[in-house]
Structure formats: C-alpha cells, structure tokens
Amino acid sequence: DAKTTQPTSMDCAEGRAANLPCNHSTISGNEYVYWYRQIHSQGPQYIIHGLKNNETNEMASLIITEDRKSSTLILPHATLRDTAVYYCIVRVGTTDSWGKFQFGAGTQVVVTP
Amino acid sequence: DTAVSQTPKYLVTQMGNDKSIKCEQNLGHDTMYWYKQDSKKFLKIMFSYNNKELIINETVPNRFSPKSPDKAHLNLHINSLELGDSAVYFCASSQVGFGYTFGSGTRLTVV
C-alpha cells in the first residue's frame, strides 16, 4: 500500500472550512484514498473514501487531484467537536484484497472558538 | 446498538498475569482485526481474521493469541503480561475491500 504524507498539525477557526492536505505520490491505480479521524480516547472513525472522483457525504468532501498524487479533505464548517487526529490512508479496495490499513501519524487538527 | 463492542473498557493488572479482551461485532462483517495504540499514539495492526481464519499476523510476541469462535467474535488473550504491553487495544471489523468500523478501545495498564 502507498505511503502518505500529512502535515503534523493545523489549527482552524470554528465555523470556517478546514482543508486537510495529503500527498500520496506513489499511489497505484487500484488504491483508494481513505480518511479516518480519531477523537481523543475514542476509536478511529471512518469519514470518507474515494478512487478518482471527488466525493461528498454528510461529514466532509474529498477532492482528489487528476493525477491522484494528492488529495484534500474538506470539513465545510468546522466545530469544536471536529478537534481530532485525521488520518489519510491509501489502500487497495478490491473485494479480494486482504490489505490492512496502515495508520501513519496523521494531522492533529485543533478547532478554536 | 453498538456495532463493534469491546470488553472490558479498562483493565489494570500486574506483570506476569494472563488476561483476555473480548470483541463482538453485529454488522455481519466477514473480517475482524486487532490494533494496538501505544503511548506515542501510533496505531499498529496485530491480527486479522476472516471467517474465523487467521489472515494477518504481524510481528507480535507469541504471548498474544487471538481466538475467533465465530465470525462475529474475535478475542485477544495475552499471557505473562509485561509493562510494555500497556496500551489501548482496538478491535475493528470490515467487509473485505471496504472501510473499518472500530470499537471504542480497551485501555490496558500493566503495573
């Protein structure tokens, strides 16, 4: 599975959009981009994933560049409850893959009032 | 209705003891996992079972023995506990090729 690079930390003002970048320059054609977050003392929580098209759900939007070498997770209106460590993971997503999720250090996002 | 539930939530025990952590999922997923999160907050996979069969076994001391009586349960037994085993242990489940659903974790403290 391809490795990812994320900033160590970032701050965001409450109510503003938070844009979390992730580089995955060695991504393969069959690897998906997944985002998870871990709020302090809780288990990681799935946010969104995508292959090449941009994706949106009730939690966030995922923008993947055309060459797929980087992506951005967008939290449209950050709240204090969005303070967490955010993990970007690339992983093969085919149904016959036993690939494991490799969690890196992630980005510590702090949302301030 | 908790999707992935682990028990106990907290476990404090002395060195040398044997302990078990239980995990159950009601999502109908085929695959279950154990992850360890140490004091530096890195999440590392330990084991994975698919339909009761071991498919991933990372470099973990053989004092750790997972057991899957059925595809909805994956328990973790740890023999001869050491100080370095102190960590938060997370259980997770998934359908193959899709994202994971994690439990809330078991904080193990070895004293």
As a percent rounded to 5, the proportion of antiparallel DSSP bridges among beta bridges in chain B is 90
Size of the A/B contact, given as accessible area buried on both chains, probe 1.4 Å, in Å²: 1700
Taking the Cα centre of the protein assembly as shown as origin, work out the dipole magnitude from +1 charges on Lys and Arg Cβ and -1 charges on Asp and Glu Cβ, in debye rounded to 20. 400
With +1 on each Lys and Arg Cβ and -1 on each Asp and Glu Cβ, how big is the dipole of chain B about its Cα centre, in debye rounded to the nearest 20? 240
How large a share of the accessible area of chain B, in percent, is made up of carbon and sulfur atoms when the probe is 1.4 Å and the other protein chains stay in place? 49
Could you put A:25, B:93, B:39 in order of accessible surface area, largest first, with the 1.4 Å probe and the full protein assembly present? B:39, A:25, B:93
Counting only protein heavy atoms and leaving out ligands, DNA and RNA, the solvent-accessible surface of residue A:77 at a 1.4 Å probe, in Å² to the nearest 10, equals 130
Distance histogram in 5 Å bins (all Cα pairs of region A:15-73, percent per bin): 4, 18, 29, 23, 16, 7, 3, 0
Could you rank B:71, B:40 by how accessible they are, 1.4 Å probe, largest area first? B:40, B:71
Heavy atoms of residue B:107: accessible area, 1.4 Å probe, square angstrom to 10: 100
Could you pull out the pairs from A:100/B:19; A:100/B:22; B:19/B:41; A:100/B:44; A:3/A:100 whose alpha carbons sit more than 19 Å apart here? A:100/B:19; A:100/B:22; B:19/B:41
Förster radius 41 Å - calculated FRET efficiency between residue B:13 and residue A:65, Cβ distance, rounded to 0.05: 0.25
Please report Rg over Rh for region A:4-113, where both radii come from the alpha carbon positions and Rh follows the Kirkwood definition. 0.96
All Cα pairs of the protein assembly as shown, percent lying beyond 23 Å: 49
When all Cα-Cα pair distances of region B:29-87 are considered, the percent exceeding 18 Å is 34
For a bin width of 5 Å, list the pair-distance distribution of region B:70-111 built from all Cα-Cα distances, rounded to whole %. 5, 18, 23, 21, 15, 11, 6, 1
Relative contact order, percent, of region A:9-64 when contacts are C-alpha pairs under 8 Å separated by at least 6 residues? 21
Computed E for residue B:72/residue A:42 - FRET, C-beta separation, R0 25 angstrom, nearest 0.05: 0.70
For the pair residue B:3 and residue A:72, how long in nm is the line joining their label points, each one 7 Å along Cα→Cβ? 2.8
Quick test of your reading: applying the under-4.7 Å Cβ rule, which cysteines of the protein assembly as shown are isolated? A:12
Hull volume in cubic angstrom per residue (convex hull over the Cα atoms of region B:1-61): 122
Hey, what's chain A come to in accessible area per residue, 1.4 Å probe, Å²? 51
To make sure I understand the rule: partners must be aspartates and glutamates, Cα under 18 Å from the Cα of residue B:40, and not fewer than 8 residues away in the same chain. Which ones qualify? B:82, B:85
Quick calc, region B:1-57, dipole around Cα centre from Cβ unit charges on Lys, Arg (+) and Asp, Glu (-), nearest 20 debye, gives 320
For chain B, the Cα gyration tensor yields equivalent-ellipsoid semi-axes (√(5λ), largest first, whole Å) of 22, 14, 13
Interface residues, region B:39-66 - accessible area loss of 10 Å² or more versus chain alone, probe 1.4 Å: B:41, B:42, B:43, B:45, B:50, B:55, B:56, B:58
Can you give me the C-alpha center-to-center distance between region B:58-111 and region A:38-113, rounded to a whole angstrom? 23
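The values are calculated or read from the model by the stated rules, or taken from the named source; none is laboratory data. Since this is a predicted model, take the numbers as computed values, not measurements. Using ideal geometry, Cβ is built from the backbone for each residue, glycine included, and neighbour counts are taken over all protein chains shown. The accessibility values were calculated without ligands, DNA or RNA, using every heavy atom of the protein model including side chains. Shrake-Rupley method; radii C 1.70, N 1.55, O 1.52, S 1.80 Å.
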